[in-house]
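Working notes, beginning with the structure itself.
The values are calculated or read from the model by the stated rules, or taken from the named source; none is laboratory data. Everything numeric here is computed off the predicted structure, so don't read it as measured data. Cβ placement follows ideal geometry from the backbone for every residue including glycine, while neighbour counts extend to all protein chains displayed.
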Amino acid sequence: MDKTNNKLTQEGYKHQTTAKKNLFGGGVIIMLIAITPYLFYSYKSLPNDTQVWETFLFTITTSYFSINAYGWFLIGKIIPLYLLLLWYFTCKHWWHWIILIPIIMYAFQLWGVINQNQNLDELELFYIFPLMVVIVPAVYVIRAKLFANIHKDDLISFEEELEKKLTIWEQIKDLFR
């Protein structure tokens, strides 16, 4: 009897510790998302009428626009990339690999802003396309295999289901089944 209670106590302690870690991790993620508007509007603290910004740590020089506008472009690429990365690393769904496509897109755009390249937005699709050719079919194959395993439908029952006459409401309900 004592060993059983001791084992239950240890399992309860492990569950509490795991729950506390999950609660702490969730709180950190919530804070990272909650500070996003403050990070987004941080460009407003940058100098507005100059193309060179010197501090004791670094010097930034822009070619085409002011430091404030450069900060706006930079933050406009960093924040979506930051949120997509958070989503990718915290997503528990099987389809999270598809999030890599917009992550790579924003990474290319950020690279273009950092290098102050004006033509990179036009070429990024050519760089992302090979990634899409691999990821999209792979995710679709995973989805198809999961669907087949979950529903265990064979071709005959699938055809019978297609031949049924359904009302619009039944069709809508069938989409969410």
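Things to note:
- Qualifying position, being touching a Ser or Thr at 6+ places or on another chain (Cβ under 8 Å) and surrounded by fewer than 16 Cβ atoms within 10 Å (Cβ to Cβ), among P130, P47: P47
- Hits in the stretch 27-70 (condition: assigned to a helix (DSSP H, G or I), touching a helix residue (DSSP H, G or I) at 6+ places or on another chain (Cβ under 8 Å), without any contact (Cβ under 8 Å) to a residue 60 or more places away in the chain and among the aliphatic types (A, V, I, L, M)): L32, I33, L39
- Residue among W72, W53 that is more than 21 Å from the chain's Cα centre (by Cα), at pLDDT 90 or above and surrounded by 12 or more Cβ atoms within 10 Å (Cβ to Cβ): W72
- On inspection, Y88 fails the criterion of being touching a residue at least 24 places away in the same chain (Cβ under 8 Å) and surrounded by 14 or more Cβ atoms within 10 Å (Cβ to Cβ).
- Checking I98, I114, I67 one by one, the residue that is over 20 Å from I33 (Cβ atoms), in contact with a strand residue (DSSP E or B) (Cβ under 9 Å, 6 or more places away or on another chain) and at pLDDT 85 or above is I67 and no other.
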